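K.L.:
Please read through the structure below; I'll follow up with questions.
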Amino acid sequence: MKIAYITTSPPFDKYSWSGTNYYVKTALEAQGCEVYCIYGYRKITLGMVFRKLQAVLLRKKYQAIRSVAAAKGWAKFVSANLEGGTDAILSLSTIPVAYLETDIPVFVYVDGCYEYMLGQGFNRLLNKTAIAHEIERRAFEKSKKIFTSSDASADAIRKFYNSFSPGKVKVVPLGANLDEIPSRDLVIANILDKDMTVCRILFVGVDWDRKGADIVIETVKNLHDAGFPIELHLVGLRGIPMSLPPYVVNHGFISKMETDGMAKLVGLYKSSHFLFVPSRGEAYGLVFSEASAYGLPSISHSIGGITTIVKDGENGKLFPLGTKPATFAKYIKETFSDETAYKEFSIRTYNRFEEQLNWNVAGKSLLEQMAIYGNG
């Protein structure tokens, strides 16, 4: 199957959408698809420049691409770069295909519609909501199938754009964005050999408030003050608005693009006992899939896309928003203290990754659906 693959940023950049642009492409290629990329279009108008400056003054964000001018420009750009014999078009954004006129079947793969993203903490956008909705409506109606990464996102798309059949929306969870996936034997051996003398908590995130870093620190303090053997390892935070006690290690930002950085992150996944990222808003949450690849159970809030990745008792535990640090602390202490049960839990965590949260499964699902509705 020959697929025109559209991304609004380079599909070879592992920073773009946390690497998802890159990994979707490689997942399709692994299924035997011929994939060629269409990306790189830019549209700048005086209106966009004005809105950008206005956003800076108001301490908000403005996405210039989310405009009718940009969407129409993208459509012309895509049309001009389509190759003969293309069986399907897959876009990782609604914007490039909203105004596209073509007989080739169109598919989109997104982690949430505009309204859903606003509800997951991305609510400082200055874009005009009516225009954003119109672009998405056109793209969704044009698509043969709408792929999205979570049940929460799928529900939001069905709710806000109810002019098409609910069956048009298909949930395809994103895989773990890792170049090297550890083998089952290595993961199980690491779980069984893991040191249980000190409970190591891992936090990975760049947004102090939205990712709930304050909750993590208060929870760990609660455990430490009670005499429980605990360490906290922080990854991703570029600035921390407080001094840290000795039992908290700040690793700063770690780049997955660098060999040493990836090795360090993998080491933390392997040596930690829980990934604890109690996000207050999360469209998906790729870090929870990555943790599962190493048999590392996750703890978070029951919100957004996290509920598709983390299942209670299978690969983690989810709590309602507003849960007190003492409640998190109680769960960590009780779960960690039963070594046999904890290690069985960790093995189940890896099983969930192997069965559902990897790019091989996602690639097969995408290809099966595109083969049904596409020209191939």
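The values are calculated or read from the model by the stated rules, or taken from the named source; none is laboratory data. Because the structure is a prediction, the values reported are computed rather than measured. For neighbour counting, all protein chains shown are included, and Cβ atoms are generated from backbone atoms with ideal geometry for every residue, glycine included. What goes into the accessible areas is simple: the full protein's heavy atoms, side chains included, and nothing from ligands, DNA or RNA. Shrake-Rupley method; radii C 1.70, N 1.55, O 1.52, S 1.80 Å.
K.L.:
Can you tell me which residue in the stretch 356-376 is surrounded by the most Cβ atoms within 10 Å (Cβ to Cβ), limited to those that are assigned to a helix (DSSP H, G or I) and over 18 Å from the mean Cα position of the chain (by Cα)?
P.N.:
Checking each candidate, the answer is Met370.
K.L.:
Could you list, in sequence order, all residues of the stretch 129-147 that are over 21 Å from Ala362 (Cβ atoms), of a type in the set (Val, Ile, Thr) and surrounded by 19 or more Cβ atoms within 10 Å (Cβ to Cβ)?
P.N.:
Residue satisfying the conditions is Ile135 alone.
K.L.:
Mind listing just one residue for me: the one in the stretch 315-347 that is of a type in the set (S, T, N, Q) and closer than 17 Å to Lys270 by Cβ and, of those, surrounded by the fewest Cβ atoms within 10 Å (Cβ to Cβ)?
P.N.:
Among residues in the stretch 315-347 that are of a type in the set (S, T, N, Q) and closer than 17 Å to Lys270 by Cβ, the one surrounded by the fewest Cβ atoms within 10 Å (Cβ to Cβ) is Ser346.
K.L.:
Now a separate question. Would you mind stating whether Asp312 is surrounded by fewer than 17 Cβ atoms within 10 Å (Cβ to Cβ) and at pLDDT below 95?
P.N.:
No: the conditions fail for Asp312.
K.L.:
Scan the stretch 285-309 for residues that are open to solvent by less than 10 Å² (accessible area, probe 1.4 Å) and of a type in the set (A, V, I, L, M) and jot them down.
P.N.:
Ala291, Ala293, Leu296, Ile299, Ile306, Ile309
K.L.:
Ok, one more. Just a yes or no: is a residue in the stretch 82-90 surrounded by fewer than 16 Cβ atoms within 10 Å (Cβ to Cβ), assigned to a helix (DSSP H, G or I) and either at pLDDT 95 or above or not β-branched (Val, Ile, Thr) (or both)?
P.N.:
No, because not a single residue in the stretch 82-90 is surrounded by fewer than 16 Cβ atoms within 10 Å (Cβ to Cβ), assigned to a helix (DSSP H, G or I) and either at pLDDT 95 or above or not β-branched (Val, Ile, Thr) (or both).
K.L.:
If you go through the stretch 233-249 one residue at a time, do you hit one that is open to solvent by 50 Å² or more (accessible area, probe 1.4 Å), modelled with pLDDT of 95 or more and of a type in the set (Ser, Thr, Tyr)?
P.N.:
Scanning the stretch 233-249 turns up no residue that is open to solvent by 50 Å² or more (accessible area, probe 1.4 Å), modelled with pLDDT of 95 or more and of a type in the set (Ser, Thr, Tyr).
K.L.:
Right, next: Restricting to the stretch 94-135, give me the number of residues that are in a helix (DSSP H, G or I), modelled with pLDDT of 75 or more and under 20 Å from the mean Cα position of the chain (by Cα).
P.N.:
1
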